[in-house]
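The next block holds one structure in the form of structure tokens; read it before the comments.
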């Protein structure tokens with residue numbers, strides 16, 4: 001796959017295979033194309049050449065659009081949260097939008113300790129709290145592929161360990177993670193340099 | 001069409017023709033000049049590039 | 001389907017909640033109508049002739065107001081990515097958004113329009129027609145306006161741009177609505193105008209979501 | 001080893017540049033020829049029994065009005081090619097075509113008003129044809145404004161292409177609705193333009209002028225596309241220079 005932004009080609013000849021239970025850490029300077037690769041996998045960005053293929057557990061190829069709508073989560077730089085609404089409302093919407101049931105939402109609140117935040121308006125939350133809230137949908141509606149853009153960046157040390165535990169549990173359950181990171185992930189992960 | 005016929009409505013015919021000719025001249029010049037300008041720019045950048053590569 | 005319901009509820013709460021919802025458009029509409037007599041004199045014959053037309057045009061202009069934020073807000077805070085990867089295609093998301101815009105802005109305007117046309121010396125018998133053209137026209141204005149909002153994504157001075165892009169497209173509905181109002185006012189049958197307006201509105205609801213989704217995908221690319 | 005300068009230059013969509021290099025001047029010359037003949041015949045026609053000598057203005061108004069519509073068709077077709085086939089040349093063609101079409105539309109309105117003034121005694125009359133040409137001008141301005149206010153060129157091109165296609169679908173509706181609107185407010189405009197009632201002697205110069213205008217439009221459009229392609233080439237080169 002190669003991705004071109006305007007006149008600049010970010011990377012070319014990129015070939016990435018991610019198996020179940022595997023995590024890939026995308027490293028590289030800012031603007032090197034880490035986010036663009038995540039968005040290309042998520043189907044939001046049209047690569048200049050190459051394509052993204054999804055395969056089911058039995059190896060059978062899946063329809064990319066379906067796979068993206070039902071089996072992929074993307075958490076970007078921005079959290080996609082409406083600052084004028086309360087955290088609870090946003091979590092409810094994001095969970096419903098990704099097809100989670102009430103028990104999924106309860107699990108997310110428990111796993112990410114969101115209970116105290118629910119009544120607050122999103123505008124009052126810190127960026128770390130907003131990131132945890134955005135993570136809510138990943139727990140609420142379990143999907144195999146996580147595409148994360150600098151998941152740890154706004155979190156403090158204690159929340160980072162909690163987040164990496166969630167990610168490792170996801171991997172253990174056969175999930176896949178592709179994350180754009182600056183500092184390496186605190187667990188075993190293959191690393192891929194973008195735009196070298 | 002005699003000169004007399006023209007004179008009767010001269011106040012409308014000639015401005016219309018003047019406007020049209022003016023527009024054609026302006027649009028042609030603008031297009032040709034911009035085409036030449038960018039062509040020169042490409043050649044200048046290319047000669048710079050060749051000088052740097054040597 | 002659950003996702004779509006959640007989206008529609010969210011859009012409505014955003015449209016009615018943030019930014020005063022219909023209040024903004026109603027205030028603009030009222031001030032436009034109030035300024036006409038000040039600008040053009042108040043004798044009833046003149047006002048009666050011009051009034052319904054201005055009230056109708058005011059409706060079209062007022063529906064432009066909160067259009068700019070329709071997609072821009074989600075585009076800026078990253079929610080559009082989530083909406084583009086949702087359980088329903090982006091076309092359905094566009095339909096829901098424009099529909100919420102209609103319910104939050106155009107419908108209240110249509111209900112308020114009779115007050116304006118009465119103030120501009122229109123006969124009271126014109127009220128049902130004013131509401132009907134307001135609702136049908138509002139549908140066209142909301143969806144074609146939504147298309148302008150999607151096209152202007154990521155542009156600077158989006159609000160003004162939406163108006164410049166969208167107003168030429170308003171020409172047919174404005175003509176049809178005005179014709180229906182005119183016919184109703186002088187007693188002839190407004191059916192043709194209404195049918196044409198309804199046809200345009202139906203085409204807008206049916207076709208613009210496709211273009212809106214394409215414009216959103218283009219902005220996300 | 002570096003490409004020799006000529007090959008480097010041909011890295012543009014070379015076939016178009018090579019072809020247009022001789023095609024543009026040829027069509028340009030043809031346009032001049034046609035316009036000369038058109039005017040030469042034009043000034044020989046007898047004055048119209050009703051409009052007198054102002055029929056001469058028709059020879060420059062009708063072709064401009066025709067071009068305003070032809071220009072939008074070109075804009076819509078190149079937008080379609082650029083949107084569906086992601087064809088960079090088509091995108092450059094669309095961008096080059098819009099100001100040209102808008103210019104001829106404005107020219108059509110100006111000459112139309114000058115033509116109507118002696119007939120109707122007003123500089124502007126909301127005649128059906130003039131009104132739809134005015135709305136067409138608004139479509140052009142909307143396209144140009146949209147394209148100008150989005151920084152990212154590729155995104156601006158595609159958004160404007162969508163607008164051009166939406167406009168193309170809407171234009172017949174606008175045209176029809178303005179005519180219908182005109183029948184409702186049947187004003188004093190008894191002014192018939194072109195159509196069967198035109199005396200044959202006027203048809204020849206009118207046809208020559210219309211062909212001349214279209215050839216001029218074609219030549220200018222090619223020149224502007226070449227300019228746009230060079231501008232893009234220069235931008236790429238200067239970007240590369242910056243990154244070296």
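Annotations for the structure displayed:
- If you go through the stretch B:1-23 and keep only what is more than 7 Å from every other protein chain (Cβ to nearest Cβ) and either touching a strand residue (DSSP E or B) at 6+ places or on another chain (Cβ under 9 Å) or assigned to a helix (DSSP H, G or I) (or both), you end up with B:3, B:4, B:7, B:10, B:11, B:14, B:18, B:21, B:22.
- Residues being within 8 Å of chain C (Cβ to nearest Cβ) and either buried (at least 19 other Cβ atoms within 10 Å of the Cβ) or under 17 Å from residue A:120 (Cβ atoms) (or both) - total across the stretch A:95-108: 3
- Flag for residue A:144 being over 30 Å from residue C:16 (Cα atoms), surrounded by fewer than 23 Cβ atoms within 10 Å (Cβ to Cβ) and touching a residue at least 12 places away in the same chain (Cβ under 8 Å): yes
- Scanning the stretch A:82-94 for residues that are in contact (Cβ under 8 Å) with a residue 12 or more places away in the chain, surrounded by fewer than 24 Cβ atoms within 10 Å (Cβ to Cβ) and either within 15 Å of residue C:7 (Cβ to Cβ) or within 7 Å of another protein chain (Cβ to nearest Cβ) (or both) gives A:82, A:84, A:85, A:92.
- In a residue-by-residue description of the stretch D:99-115, the property of being under 22 Å from the mean Cα position of the chain (by Cα), more than 18 Å from residue B:14 (Cα to Cα), in a helix (DSSP H, G or I) and away from every other protein chain (no Cβ under 12 Å) applies to no position.
- Within the stretch C:104-125, the set of residues being surrounded by 19 or more Cβ atoms within 10 Å (Cβ to Cβ) and under 22 Å from residue C:200 (Cα atoms) comprises C:104, C:105, C:106, C:108, C:109, C:110, C:113.
- Test: residue D:125 is under 21 Å from the mean Cα position of the chain (by Cα), at pLDDT below 90 and more than 8 Å from every other protein chain (Cβ to nearest Cβ): no
- Summed over the stretch D:139-166, residues that are within 17 Å of residue D:108 (Cβ to Cβ), facing chain C (nearest Cβ under 8 Å) and crowded, with 20+ Cβ neighbours inside 10 Å total 1.
- Checked against the criteria, residue B:50 does not count as under 20 Å from residue D:105 (Cβ atoms) and facing another protein chain (nearest Cβ under 8 Å).
- Hits in the stretch D:33-45 (condition: at the interface with chain B (Cβ under 10 Å from one of its Cβ atoms) and part of a helix (DSSP H, G or I)): D:35, D:39, D:42
- The condition of being touching a helix residue (DSSP H, G or I) at 6+ places or on another chain (Cβ under 6 Å), surrounded by fewer than 22 Cβ atoms within 10 Å (Cβ to Cβ) and in a helix (DSSP H, G or I) holds for only one of C:32, C:61, C:70, C:7, that being C:32.
- Among the numbered conditions (1) farther than 16 Å from residue A:175 by Cβ; (2) in contact with a strand residue (DSSP E or B) (Cβ under 6 Å, 6 or more places away or on another chain); (3) surrounded by 15 or more Cβ atoms within 10 Å (Cβ to Cβ), the only one that residue A:49 does not meet is (3).
Okay, residues lined up against (1) more than 8 Å from chain D (Cβ to nearest Cβ); (2) under 12 Å from the mean Cα position of the chain (by Cα); (3) farther than 30 Å from residue D:53 by Cα:
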| site | (1), (2), (3) |
| --- | --- |
| B:27 | no, yes, no |
| B:35 | no, yes, yes |
| B:40 | yes, no, yes |
| B:44 | yes, no, yes |
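- Out of C:161, C:169, C:153, one residue alone is in contact (Cβ under 8 Å) with a residue 60 or more places away in the chain and touching a helix residue (DSSP H, G or I) at 6+ places or on another chain (Cβ under 8 Å). It is C:153.
- Residues within the stretch C:35-44 that are surrounded by fewer than 17 Cβ atoms within 10 Å (Cβ to Cβ) and either touching a residue at least 24 places away in the same chain (Cβ under 8 Å) or under 17 Å from residue C:106 (Cα atoms) (or both), tallied: 1
- Counting only residues that are without any contact (Cβ under 8 Å) to a residue 40 or more places away in the chain, in a helix (DSSP H, G or I) and more than 20 Å from residue C:86 (Cα to Cα), the stretch A:104-116 holds 6 of them.
- Only listed residue being buried (at least 24 other Cβ atoms within 10 Å of the Cβ), part of a helix (DSSP H, G or I) and over 16 Å from the mean Cα position of the chain (by Cα), chosen from C:215, C:183, C:149, C:155: C:215
- Check on residue C:202, in contact with a helix residue (DSSP H, G or I) (Cβ under 6 Å, 6 or more places away or on another chain), assigned to a helix (DSSP H, G or I) and modelled with pLDDT of 95 or more: no
- Test result for residue C:204, away from chain D (no Cβ under 12 Å), touching a residue at least 12 places away in the same chain (Cβ under 8 Å) and more than 18 Å from residue C:53 (Cα to Cα): no
- Close pairs (6 angstrom Cβ cut-off, 6 or more residues apart or separate chains): touching a residue at least 24 places away in the same chain (Cβ under 8 Å) in the stretch A:170-184, crowded, with 21+ Cβ neighbours inside 10 Å and assigned to a loop (DSSP other than H, G, I, E, B) anywhere: A:179/A:151
- Conditions (1) over 20 Å from the mean Cα position of the chain (by Cα); (2) without any contact (Cβ under 8 Å) to a residue 12 or more places away in the chain: number failed by residue C:87: (2)
- Pairs linking a residue in the stretch C:7-18 that is at the interface with another protein chain (Cβ under 7 Å from one of its Cβ atoms) to a residue that is in a helix (DSSP H, G or I) and buried (at least 18 other Cβ atoms within 10 Å of the Cβ), with Cβ atoms under 6 Å and 6 or more positions apart or on different chains, are C:7/C:96; C:10/A:93.
- When the stretch A:6-38 is filtered for residues that are under 17 Å from residue A:171 (Cβ atoms) and assigned to a strand (DSSP E or B), the ones remaining, listed by number, are A:23, A:24, A:25, A:26.
- Failed item, numbered, when residue C:199 is tested on (1) touching a residue at least 40 places away in the same chain (Cβ under 8 Å); (2) more than 9 Å from chain D (Cβ to nearest Cβ): (1)
- Failed item, numbered, when residue C:78 is tested on (1) within 14 Å of chain A (Cβ to nearest Cβ); (2) in contact (Cβ under 8 Å) with a residue 24 or more places away in the chain: (2)
- Condition met for residue A:69 (at the interface with another protein chain (Cβ under 9 Å from one of its Cβ atoms), modelled with pLDDT under 90 and in a helix (DSSP H, G or I)): yes
The values are calculated or read from the model by the stated rules, or taken from the named source; none is laboratory data. It should be emphasised that the depicted structure is a prediction, and the values quoted were computed from it without experimental measurement. All Cβ positions, even for glycine, are placed from backbone atoms using ideal geometry, and neighbour counts span all protein chains on display.
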